[in-house]
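Please treat every number below as a calculation from the coordinates, not as lab data. Everything numeric here is computed off the predicted structure, so don't read it as measured data. Positions of Cβ are backbone-derived with ideal geometry, glycine not excepted, and every protein chain shown enters the neighbour counts.
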Amino acid sequence: MSPPVEMVVSNTLLPERADVVIIGGGIIGVSTALFLAEKGIDVVLCEKGRIGGEQSSRNWGWCRTMGRDTSEIPLAMESLRLWRDMNRRTNRETGFRQAGIMYLCQTEAEVAAQESWLGHAAQYQVDARLLRGSALDRAMPGAASGFIAGLHTPTDGKAEPALAAPAIAEAARDHGAQIFTNTAVRGIERTAGRVTSVVTERGRIACQSVVLAGGAWSRLFAGNAGLDLPQLKVLGSVFRTRKLNGPDITAAGSVFAFRKRIDGGYSIARRNANTAEITPDHFRLLHDFLPRVINNRNEIRLRVGVRSWEELRTARRWSLDQVTPFEAVRVLDPKPKQGILAEARSVLAKAFPAFADMEVVESWAGLMDVTPDAVPVIDQVGHMPGFFVATGFSGHGFGIGPGAGRLMADLVAGDPPVVDPTPFRLARFPRTKGA
């Protein structure tokens, strides 16, 4: 079931030209649109379905610096700075609240892993600390016995996925951006190698630059454009509860993760257990992803399922006058894995008595776009001037969405980048050398 998302009404008349066309209306696409529009750049965003309809409304809603890959920390810190001001910036409710985040530890091995991360993150002066004893009890009230420590970042926050992307999209429109929903981009056109236009199902838009922020669809679109993007899909499942009296802080143990919503209920997920249905791309990209699968074999559950057959039948090449897979499936709405959610619910109810009588309202799932190193690509494609890619956020995209959009806007505009873009270069992957 798809979670309810604030509706964004489409512009009506497709323009003949724009400076920049953004493909994809998730948190990355709308954030890029906002920061480009704030720079006075003429931007059009095209979304095949609805704004925030896929993973951008289906994630946990965490806005964290804590626990990031160290290469992401500067971008996460910039994103958190932007999140704190996002309600004012958009003049709308995004649900952002600075409530803090806690990773709870039950064993000394888990504590050692968090201490190791703290050592690597110290250079960035992240506001995280390891708590034990009474300090842990004060920061994490309501927990039953069993937790010996917790990594706590009091300045981390949370936001509402169902509100945030729509609010940012509308703010971009306030600054002159045009937002089109139910408008799939079929492909890009180039002259002498450089981007000159996009072709949508409703017509052509001449442009100087294109930003692909298509989430789980990015590899398919890029492949038809001539870019072999190493990216796979991983399924994450979430459920939400009715209002209950529990902790305000966002937290996770080894099996569960929870966030209090602004409606008083909770979004809850199974931590460290996602599902990947085996598709033809798993075989095409086996060499790229094998090290990660081996190192994280307890976190990713490989299965054969409906998506295995759906992707086997999905066209990988098409001409720009043909109906595309993006028009055939407007919104990816996979079924959640109830067994995984039951594991989270059972362990959480034992760990926090407040959740013992939780009432589940609904559950949903989303497909995350994952790269071999779980770090996103935010870069221009070298052999396709004017073609930019922002994808592969590997389940981290919501929290770093504003910073990623700001960085991409800087790259497109040719302005000094807000953070060093080097960790996000496309060419770090062997199959994209020279791309």
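Restricting to the chain, what percent of DSSP beta bridges are antiparallel, rounded to 5?
Percent antiparallel among DSSP bridges in the chain is about 70.
If I build a Gaussian network model for the chain, linking alpha-carbon pairs within less than 10 angstrom, which residue out of Val389, Val21, Val323 has the largest mean-square fluctuation?
Sorting by GNM fluctuation, first place goes to Val323.
May I ask for the net charge around Pro334, where only other residues with Cβ less than 13 Å from the Cβ of Pro334 are counted and Lys, Arg are +1 while Asp, Glu are -1?
So the surrounding residues net to +1.
Name the long-range amide H neighbours of Cys63: under 5 Å, sequence gap of 5 or more, or other chain; modelled H, no Pro or chain starts.
Under 5 Å from the amide H of Cys63 lie the amide H atoms of Gly157, Lys158, Ala159, each far enough along the sequence or on another chain.
Starting from the range 253-352, pick out the trypsin sites (Lys or Arg not before Pro) whose DSSP state is loop and whose Cβ has at most 13 other Cβ atoms within 10 Å.
Arg297, Arg316, Arg317
Can you list which of the GluC sites (Glu not before Pro) found in the range 255-318 are DSSP loop residues with at most 15 other C-beta atoms within 10 Å?
Glu299
Is the range 265-351 best put as rounded, prolate or oblate by its Cα gyration tensor, with a ≥ b ≥ c the root eigenvalues, rounded for a/c under 1.5, and otherwise prolate when a/b is larger than b/c, oblate when not?
The shape class here is oblate.
Please give the length that would be gained between Lys335 and Leu290 if that part of the chain were fully extended, namely 0.36 nm times their separation in residues minus their C-alpha to C-alpha distance (nm, one decimal).
13.6 nm
Nearest 10 degrees, 0 to 90: what angle lies between the long axis of helix 73-84 and the longest principal axis of the chain (Cα atoms)?
Its long axis makes an angle of about 90 degrees.
Calculate I(q)/I(0) for the range 226-310 by the Debye formula, one identical point scatterer on each C-alpha and no solvent, and give its log10 at q = 0.18, 0.25, 0.27 Å⁻¹ to two decimals.
With no solvent term, the Cα-only Debye profile gives -0.84, -1.18, -1.30.
If you split all Cα-Cα distances of the range 101-154 into 5 Å bins from zero, what percentages do you get per bin, shortest first?
Cα pair-distance distribution for the range 101-154, in percent: 4, 21, 32, 23, 14, 4, 1.
For Arg17 and Val360, what does the FRET efficiency come to when R0 = 51 Å and r is the distance between their Cβ atoms, rounded to the nearest 0.05?
0.55
Net charge around Thr196, counting only other residues with Cβ within less than 12 Å of its Cβ (Lys, Arg = +1; Asp, Glu = -1)?
+3
What is the log10 of I(q)/I(0) for the range 331-435, computed with the Debye formula using one identical point scatterer on each Cα and no solvent, at q = 0.14, 0.17, 0.23 Å⁻¹?
The computed values of log10 I(q)/I(0) come out as -0.72, -0.86, -1.23.
As a check on your grasp of the helix formula, calculate [θ] at 222 nm for the chain: sum -39500 (n - 2.57) over DSSP H runs of n ≥ 4, divide by the residue count, round to the nearest 500.
Calculated at 222 nm, the ellipticity per residue is -9000 deg cm²/dmol.
What trypsin sites (Lys or Arg not before Pro) in the range 96-180 are in a loop by DSSP, with at most 15 other Cβ atoms within 10 Å of the Cβ?
Here the trypsin sites (Lys or Arg not before Pro) that fit, given the DSSP loop and packing criteria, are Arg132.
Any chance you could run the full-extension gain for Ala427 through Asp248? It's 0.36 nm times the residue separation minus the Cα-Cα distance, nm to one decimal.
Extra length available between Ala427 and Asp248 comes to 60.3 nm.
What's the long-distance tail for the range 213-360, i.e. % of Cα pairs beyond 18 Å?
When every Cα pair of the range 213-360 is considered, 64 percent fall beyond 18 Å.
Quick check: Cα centre of the range 362-400 to Cα centre of the range 28-81, how many Å?
So the separation of the two Cα centres works out to 10 Å.
For the range 126-137, take each phi angle, set θ = phi - 60°, evaluate the Karplus expression 6.51 cos²θ - 1.76 cosθ + 1.60, and give the result in whole Hz per residue in order, putting x for glycine and proline.
Karplus-based 3J(HN,Hα) across the range 126-137 equals 5, 7, 10, 8, 9, 10, 9, x, 5, 5, 5, 4 Hz.
Mind giving me the nanometre distance, one decimal, between the label points for Tyr124 and Arg316, set 7 Å out from Cα along Cα→Cβ?
Label at Tyr124, label at Arg316, 3.5 nm between them.
Regarding the range 44-143, what's the average projected area of the Cα-atom convex hull, expressed in nm²?
9.1
Just to confirm a number: summing +1 for Lys and Arg and -1 for Asp and Glu over residues other than Asn245 whose beta-carbon lies under 12 angstrom from that of Asn245, what do you get?
Local charge sum for Asn245: +1.
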